[in-house]
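In what follows, a single structure is set out as structure tokens and then discussed.
The values are calculated or read from the model by the stated rules, or taken from the named source; none is laboratory data. Quick caveat: nothing in here was measured; it's all calculated off a predicted structure. Note: ideal-geometry Cβ built from the backbone for every residue, glycine included; neighbour counts use all protein chains shown.
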Amino acid sequence: MISASFVSCLCEELNRELTGGRIDKIQQPAKDVVLLTVRSTGMNRRLLISASPGKARIHLTQTAYENPAEPPLFCILLRKHLTGALIEGFEQPGQDRLLVMNLVCFDDLGRETKERLITEMIPGRTNIVLVGEDGLIVDCAYRRDYEADMYRRLSPGMVYRLPPKPDGYTPPATDEGFSSPDFDTLSAFLDAYYSAKEKEEVYHRRSKELRTSLSSAEKRIRKKLGAQKIELEKTASRDTLRRQADLITANIWRLKRGEGQFTCEDYFEPDCPEVTIELDPLLSPQSNAAKLYKQYNKLKTAEGYLTELIKKAEEQLDYIASVQEELNRAASDRDISDIRAELTSAGVLKNRGKKTGKKEKPQAPLTMRTKDGLDVLAGRSNMQNDELTFKLAHKNDLWFHVKNIHGSHVILHCGNEVPSAKSIEEAAAFAVKNSQGREGENIPVDFTKVRFVKKPSGSLPGKVIYTDYQTVIIHHWKDILTASD
């Protein structure tokens, strides 16, 4: 949270940079964030005003923000009142954590009015409030009606009063100004700090959302898989139905219409024991046999169909496990976006709808270089694994993958040359680093030439089969990669 001394420095800085400027554009990327484009000193400046709890602030920004498709009502109101307004200056009442922007505005008839846009940065009471020339609140980001404090109510039409100071509040000593070896202005410092913080928060939020979606998809598939296995077990009785139908057909001369059951010798067994078969008395003997044959064929067809469905469900569960491993290795919001796009493409998650804007350029694979100067590449996702193995790699390059656990496809670029044992060991260690086995020891890694790696038809991203491989055991991958740096 910004301190009162910070606000004092900001007040001086914004007075210096924006006084006399004109507000050309108003945006509201979030409920409690307003972005003003100000034309000042011959250039456009963007002023960020935030009332986000824990991140309330006001400063110039270079960060790009995505706007909603439809502007919020508070944004529409600000555009009506403040578009074209001139900034008279900034002030800090009572040296507290709030900043007042004094504005000269113009109504629909071109008449001049004075309004104030107040940013309150007090913990627990953050807000953005537009106050008219008469001192009444036009509107605010958060409308608050404090029942315990009738002195201060934040709603349109109410008199605006400054927040009360807590008991024992002492105004901060005058600050000599902001200085930093890395940033020229306080705005630049705040912009860098909060941009990094917000990116990290977005990354963790989207990562959590994706993990929740994956967990839901996994539960859904497991539930369906359990039901399919139960149905498959039922198909095991089909041979009994066929045998009963055969026995009815063989003894049809003994049967009469209307019988509810019938006992005969089971000639399918060595001792020919007697067996009793239940019949439908409303059907003829021939129809009873045909009914059992039909049930047998239905179960036989169901067995093949269910077997295929169970195989696909188990492949999907294995694929989800591989994506969960990708999530464990994801290091940025871009990685999360790529993983979600992969899951949508694979049909595991539903498409959120069409996205507008320019398509992002695919990320480059993870890379390293061996001591011998050979390049090693690892896929960030299952889709990139496929692209790396089947599009970017040469057929004589070496392909690596940890044995029997999920991880990246790793390519050692060696062309027609035979790599040294040391380079092979380093590439294998890189494969362990980018796999589920990164926390273990003595991890087996298979490697073969790219020409011996094939993708089964219709398989999910990242799924391959390979032959003619060798296996190397990596005892401590960190020691190997540290020595190669």
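Here is a check on your reading of the model: is S237 on the phi < 0 side of the Ramachandran plot, among the small types (G, A, S) and touching a residue at least 24 places away in the same chain (Cβ under 8 Å)? Criteria met by S237. Annotation for the stretch 12-20: at least one member residue is within 27 Å of K199 (Cβ to Cβ), in contact (Cβ under 8 Å) with a residue 12 or more places away in the chain and in contact with a strand residue (DSSP E or B) (Cβ under 6 Å, 6 or more places away or on another chain). Taken over the stretch 411-441, the residue count meeting the criterion of being over 19 Å from L388 (Cβ atoms) and among the aliphatic types (A, V, I, L, M) is 2.
Here K31 fulfils each of the conditions (1) touching a residue at least 40 places away in the same chain (Cβ under 8 Å); (2) closer than 23 Å to D191 by Cβ; (3) surrounded by 16 or more Cβ atoms within 10 Å (Cβ to Cβ) apart from (3).
Of all residues in the stretch 190-217, which are buried (at least 17 other Cβ atoms within 10 Å of the Cβ) and over 15 Å from I339 (Cβ atoms)? Hits for the stretch 190-217 are L190, D191, Y194.
Whether any residue in the stretch 267-286 is part of a helix (DSSP H, G or I) and either at negative phi or among the aromatic types (F, W, Y) (or both) is what I want to check. Within the stretch 267-286, one or more residues are part of a helix (DSSP H, G or I) and either at negative phi or among the aromatic types (F, W, Y) (or both). The listed residues are L36, L14, and the only one of them that is of a type in the set (A, V, I, L, M, F, W, C) and not in a helix (DSSP H, G or I) turns out to be L36. If the condition is being modelled with pLDDT under 95 and within 11 Å of L398 (Cβ to Cβ), then the stretch 425-448 contributes no residue at all. The sole residue among I76, I122 that is within 25 Å of A188 (Cα to Cα) and either surrounded by fewer than 13 Cβ atoms within 10 Å (Cβ to Cβ) or assigned by TED's automatic domain parsing to the domain that holds P163 (or both) is I122. If the condition is being surrounded by fewer than 21 Cβ atoms within 10 Å (Cβ to Cβ), in contact with a helix residue (DSSP H, G or I) (Cβ under 7 Å, 6 or more places away or on another chain) and either on the phi > 0 side of the Ramachandran plot or not in a loop (DSSP other than H, G, I, E, B) (or both), then the stretch 41-59 contributes only R45.
Considering the stretch 447-485, and only residues there that are within 31 Å of the chain's Cα centre (by Cα) and closer than 24 Å to R369 by Cβ, the residue that is surrounded by the most Cβ atoms within 10 Å (Cβ to Cβ) turns out to be W477.
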